[in-house]
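The values are calculated or read from the model by the stated rules, or taken from the named source; none is laboratory data. Everything numeric in this text was worked out from a predicted model, so none of it was measured. Cβ placement follows ideal geometry from the backbone for every residue including glycine, while neighbour counts extend to all protein chains displayed.
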Amino acid sequence: MDMSQYLRMFLDESEEYLQTLNQSLLELEHNPSDEQLINNIFRAAHSLKGMAATMGFDRMANLTHEMENVLDRIRAKKMVLTTGIVDILFKCLDRLDKLVKEISHSGAETSEVDDIIELLQNVDSIKDGAASPTVKSTSVEVDLMDTNSDEQSTIISHLKTDYYCYVLDVELVKDCLLKAVRGFMVIKNLKEAGVVVKSIPSLKEIEDEKFDYEFKILYLTKESEKEIESIVTDITDVKGIQIVRITEDNLTGETGPYIENGIQEVAAAVEVASEESEESNAQLTQQDLKITPTVRVDIDKLDSLMNLVAELLINKTRLEEISNRMNVSNELFGDILQQLDRVTMNLQHTVMQVRMVPIERIFNRFPRMVRDLSKELNKKVNLIIDGAETELDRSIIDSLGDPLVHLLRNAIDHGIEDPETRKKAGKSEFAELRLSAAQKGNEILIQVTDDGRGLDAKKITKKALERGVITRDDLTKMSDHEKIMLIFRPGFSTSEVISDISGRGVGLDVVRKTVESLDGHIYIDTELGKGTTFNISLPLTLAITQALLVKVCDETYAIPLSVIEGAEDITAEQVQMVQGQEVFVLRGHLIPLVWSHKLLGLSIPDLNDNTEQLSVVVIGTGKKQVGLIVSELINQQDIVIKSLGEFLIDVPHISGATILGDGEVALILDVRNIA
Amino acid sequence: MKDKSVQAVNRHQYVVFQIDKEEFGVEILRTQEIHRYTKITRVPNAPHYVKGVINIRGEIIPVVDLRQRFGLESSNIQESTRIITVLIKDYQIGLLVDNVNEVLWIETNAIELAPSVAGGIEKEYLSGVGKIENRLIVLLNLEKILNLEIATNEGAQIN
Amino acid sequence: MAKRVLIVDDAAFMRMMIKNILTEAGYEIIAEAENGKQAVEKYNELKPDLITMDITMPEMDGISAVREILGSDSGAKIIMCSAMGQQAMVIEAIQAGAKDFIVKPFKNERVLEAVNKVIG
């Protein structure tokens with residue numbers, strides 16, 4: 001049988017298992033008695049063994065077999081897990097990782113495994129033929145029951161006291177602004193008239209705007225359906241609500257599983273009974289039970305799918321524009337357009353979602369790295385990871401690994417002091433290194449924060465001068481933040497000794513370049529003696545984004561909303577001169593002004609005829625704000641980002657193009673570096 | 001080797017177009033489509049001979065004003081103005097020309113090496129001159145003209 | 001009798017814009033305030049039917065003003081004026097008792113929709 005067709009899959013899955021193993025083992029080190037973890041590790045090792053044996057990779061199979069033996073004894077409490085054993089197990093994982101890489105490279109295993117096998121066999125004197133594993137965990141169901149017992153009892157007790165139970169499906173209009181707030185208002189008003197048992201997505205996710213335009217709520221109230229409807233639809237921007245009451249009949253038939261499996265079952269059952277589409281039913285079940293059948297898809301196929309959706313979106317916009325222009329009032333035509341709009345929208349979101357993967361994928365490998373690195377450098381570091389579930393476009397995630405590795409290494413190597421120094425400075429010996437991800441509107445913010453020594457602008461400028469990165473002349477014009485940002489310049493390295501850890505020939509300039517190539521930006525917060533935060537903000541997806549359309553000298557340009565902090569109309573009198581720079585005052589802050597036509601080298605300002613009023617787009621780039629004066633603000637819309645191609649790749653201040661509803665091309669302004 | 005293949009296919013089809021009074025040709029195999037003039041979105045800060053970009057079925061395609069590329073006055077848009085899209089290294093580029101005349105077969109042996117200047121254009125941008133009866137058709141070396149590496153302001157100064 | 005509105009915003013331009021929209025729709029603008037402190041004073045003095053309240057302002061921000069006003073008169077009706085990206089603050093304001101919000105840049109129909117809903 002030809003196994004080569006399975007090789008790719010084998011390699012992918014092996015990597016996943018190794019990641020799981022690494023992660024679980026780390027956790028196990030802190031919670032040695034967690035049986036769940038031991039089971040997880042055991043299962044992963046076992047699966048790996050089976051796969052390797054099937055593919056004929058004997059060394060991997062032997063190694064995992066020995067690993068399994070050790071784990072089995074720990075599981076059966078015949079052996080106590082010690083740091084020594086954990087270290088051996090880690091060594092074992094490293095070797096497996098090496099073997100996988102070799103197979104990926106040359107198709108064969110080249111590293112020996114006997115040394116590690118010997119270590120595994122000698123972990124202690126007890127050696128009995130380990131039992132073969134036959135573990136089948138039902139952990140998923142168990143977790144579900146745990147988390148929902150409160151909710152169950154809430155429902156049961158309320159139903160006894162004249163409350164009704166409803167499943168509400170609330171939809172917001174799609175041009176809704178600050179939909180998190182709308183979602184919050186819906187829930188707040190509902191809470192005033194009843195009990196919100198749970199929502200999908202969760203209440204927190206709704207407040208964090210992690211939903212499209214719809215969310216579902218399991219609700220207990222004494223009010224009628226009509227009353228609920230008016231409570232919810234009274235709120236601006238609520239498009240509609242579907243209310244399904246869960247009656248006694250629904251419940252009695254389902255009492256058994258209802259009690260056993262928690263509220264999800266009820267919700268799912270009701271969904272089936274109601275006229276909800278099968279799709280949303282499936283969605284609900286999947287989200288709740290976390291048993292998601294998956295298919296591996298080539299990323300190229302997703303790319304081309306995304307392109308097709310983009311085409312569709314453009315053509316839909318064109319159609320709408322034509323219908324507006326021709327004043328088509330035909331009802332059927334309007335219906336079709338609306339349908340098309342809905343379908344396109346759903347399609348776009350689905351495709352985008354398909355491309356989204358949790359950032360966990362890359363975060364997972366860091367605990368191990370941090371553990372090893374801090375051991376090596378004799379530093380004590382607690383790594384805290386937040387928001388690993390945050391989702392990002394796959395293509396962005398793939399490029400993000402290396403920059404984050406670099407920042408973490410940098411933090412441990414340079415940022416964090418050794419334990420004695422920390423003690424002397426009155427800090428805890430254990431440094432806190434925090435890696436977090438969160439969605440903020442249309443952006444993802446990733447932060448690497450340490451509580452180490454902080455960055456010293458003086459030292460940085462000294463070094464920058466030495467290395468010829470800047471001149472003394474440059475220096476006089478720089479703010480502290482700009483000085484700090486010098487560490488991102490090519491040819492700059494803060495370390496006296498080029499260490500093996502973060503030195504590896506690449507500097508922070510590469511980190512910055514990578515982030516910017518992803519259409520994101522990076523900035524630093526730092527306080528001497530207190531610590532440093534590297535902030536990376538990234539777009540959710542590279543293909544479609546929200547933008548503000550503006551006119552500059554008769555041409556339409558798009559500015560991604562992710563860099564916009566607001567739009568202001570100011571009068572010519574509000575423009576002041578400060579040190580030769582035009583500025584205006586916004587909420588007590590001086591904001592420098594940039595004329596867009598000058599930025600773009602366009603000579604004919606058409607702004608003269610209406611100098612009374614100036615339209616200013618406030619661009620925020622990390623810490624700085626700049627007001628970009630444009631001829632006119634048009635509107636805000638979703639745009640499909642297209643490349644200008646190689647021929648025009650280096651055009652300053654233009655990052656791409658998009659196609660407008662009328663088929664014309666609008667350029668996308670790259671304004672991140674005008675500040 | 002090269003001679004062999006030339007002899008095996010001893011004539012090629014060319015799209016013949018006009019700039020000022022001169023006739024130029026590009027191999028038909030390189031051309032994608034010929035479009036009527038459509039609104040071009042100018043690209044600020046781009047090389048001066050790049051007229052801008054256009055949308056062709058969802059693709060953003062840069063348009064080069066050949067007149068400006070050759071250091072002539074920029075084109076006046078007229079009824080006969082066309083944009084010829086050509087493929088260079090998998091990359092589509094539009095050529096703005098005054099007029100597209102016809103498609104012609106030109107015998108390989110009717111193509112002469114370019115003189116040092118033809119139609120006011122430096123030799124390096126030409127791949128030869130095709131002779132048909134008493135017409136002279138200047139055959140362009142698209143790679144050279146639109147070479148991505150020399151497509152900068154610097155490379156454009158050919159006067 | 002026309003409903004009486006108090007407009008609170010530190011930017012004169014913004015106040016003017018809201019004023020125009022509301023006046024045109026038949027509301028009476030009885031006063032303007034340029035910070036939270038003034039807003040509280042004007043509210044206590046004039047008891048308007050509605051307040052439009054900017055969030056970021058000098059002296060006292062909009063959220064504190066909402067708390068103070070509702071603390072002395074729980075029936076006060078307040079609409080927040082927010083900018084893009086201020087959702088956390090808007091949520092705070094709603095939690096404090098503001099009735100609704102509008103987002104800059106303002107569109108006439110949006111502003112009126114919100115105002116009509118609250119006091120229409």
Note: among C:LYS117, C:LYS37, just one is of a type in the set (D, E, K, R), farther than 26 Å from A:GLN636 by Cα, touching an Asp or Glu at 6+ places or on another chain (Cβ under 9 Å) and in a helix (DSSP H, G or I), namely C:LYS37
Across region A:393-404, the tally of residues that are more than 30 Å from A:GLY183 (Cβ to Cβ) and either among the acidic types (Asp, Glu) or surrounded by fewer than 17 Cβ atoms within 10 Å (Cβ to Cβ) (or both) stands at 4
Note: among B:VAL16, B:VAL26, just one is over 29 Å from A:VAL640 (Cα atoms), modelled with pLDDT of 85 or more, touching an Asp or Glu at 6+ places or on another chain (Cβ under 6 Å) and among the β-branched types (Val, Ile, Thr), namely B:VAL16
Requested in this report: Report yes if A:SER615 is touching a Gly at 6+ places or on another chain (Cβ under 6 Å), in a strand (DSSP E or B), small (Gly, Ala, Ser) and at pLDDT 85 or above, otherwise no.
Outcome: no
Note: among C:ILE119, C:ILE69, C:ILE29, just one is away from chain A (no Cβ under 13 Å), surrounded by fewer than 18 Cβ atoms within 10 Å (Cβ to Cβ), more than 23 Å from A:GLY566 (Cβ to Cβ) and under 13 Å from the mean Cα position of the chain (by Cα), namely C:ILE119
Restricted to region A:133-175 and to residues being within 14 Å of another protein chain (Cβ to nearest Cβ) and surrounded by fewer than 18 Cβ atoms within 10 Å (Cβ to Cβ), the residue modelled with the highest pLDDT is A:VAL173
Taking region A:72-114 and keeping residues surrounded by 12 or more Cβ atoms within 10 Å (Cβ to Cβ), within 20 Å of A:GLU15 (Cα to Cα) and in contact (Cβ under 8 Å) with a residue 60 or more places away in the chain leaves A:VAL86, A:LEU89, A:PHE90, A:LEU93, A:LEU96, A:ASP97, A:VAL100, A:ILE103, A:SER104
Of all strands (runs of 3 or more DSSP E) fully inside region A:533-599, the set with 2 or more residues that are within 14 Å of chain C (Cβ to nearest Cβ) is A:544-552, A:555-560, A:564-571, A:581-586, A:589-595
Considering residues that are within 14 Å of chain A (Cβ to nearest Cβ) and assigned to a helix (DSSP H, G or I), the number found within region C:43-65 is 2
Checked region B:36-83 for anything more than 14 Å from chain A (Cβ to nearest Cβ) and among the hydrophobic types (A, V, I, L, M, F, W, C); matches are B:LEU66, B:PHE70, B:LEU72, B:ILE77
Item to check | Filter pass, A:ARG296 being at pLDDT 65 or above, under 29 Å from A:GLY663 (Cα atoms) and not aliphatic (A, V, I, L, M) | outcome: no
Apart from one, (1) surrounded by fewer than 19 Cβ atoms within 10 Å (Cβ to Cβ); (2) touching a residue at least 60 places away in the same chain (Cβ under 8 Å); (3) at the interface with chain A (Cβ under 10 Å from one of its Cβ atoms) all hold for C:ALA12; the odd one out is (2)
Counted residues in region C:101-115 being free of Cβ contacts under 8 Å to residues at least 60 places away in the same chain and either out of contact with any strand residue (DSSP E or B) (no Cβ under 7 Å at 6 or more places or on another chain) or more than 19 Å from A:ASN189 (Cβ to Cβ) (or both) come to 6
When region A:412-441 is checked residue by residue, the ones that are buried (at least 17 other Cβ atoms within 10 Å of the Cβ) and within 14 Å of chain C (Cβ to nearest Cβ) are A:GLN439, A:GLY441
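For region C:83-100, how many residues are touching a residue at least 12 places away in the same chain (Cβ under 8 Å), at the interface with chain A (Cβ under 7 Å from one of its Cβ atoms) and not in a helix (DSSP H, G or I)?
3
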Any residue in region A:664-672 that is away from chain B (no Cβ under 12 Å), in contact (Cβ under 8 Å) with a residue 12 or more places away in the chain and either over 30 Å from A:LYS316 (Cβ atoms) or assigned to a loop (DSSP other than H, G, I, E, B) (or both)?
yes
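Which members of region A:338-369 meet the condition of being more than 22 Å from A:ILE444 (Cβ to Cβ) and of a type in the set (Lys, Arg)? Before the answer, list the steps.
We begin by selecting, within region A:338-369, every residue more than 22 Å from A:ILE444 (Cβ to Cβ); these are A:338-344, A:346-347, A:368.
Matches in region A:338-369: A:ARG342, A:ARG368.
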B:LYS21 meets each of (1) within 12 Å of another protein chain (Cβ to nearest Cβ); (2) out of contact with any strand residue (DSSP E or B) (no Cβ under 9 Å at 6 or more places or on another chain) with one exception, condition (1)
By residue number, the members of region A:627-653 that are among the hydrophobic types (A, V, I, L, M, F, W, C), surrounded by fewer than 21 Cβ atoms within 10 Å (Cβ to Cβ) and modelled with pLDDT of 80 or more are A:LEU633, A:ILE634, A:ILE641, A:VAL651
The number of residues in region A:442-459 that are crowded, with 17+ Cβ neighbours inside 10 Å and either free of Cβ contacts under 8 Å to residues at least 24 places away in the same chain or aliphatic (A, V, I, L, M) (or both) is 6
Out of (1) buried (at least 16 other Cβ atoms within 10 Å of the Cβ); (2) charged (D, E, K, R); (3) over 30 Å from A:ASP87 (Cβ atoms), the one A:GLU321 does not meet is (1)
Matching residues in region A:188-210 (buried (at least 20 other Cβ atoms within 10 Å of the Cβ) and free of Cβ contacts under 8 Å to residues at least 60 places away in the same chain) number 4
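For A:ASP638, are the conditions met, namely being acidic (Asp, Glu), more than 10 Å from every other protein chain (Cβ to nearest Cβ) and not in a loop (DSSP other than H, G, I, E, B)?
Yes.
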By residue number, the members of region B:24-55 that are of a type in the set (A, V, I, L, M) and buried (at least 17 other Cβ atoms within 10 Å of the Cβ) are B:VAL26, B:ILE40, B:VAL43, B:ALA46, B:VAL50, B:VAL53, B:ILE54
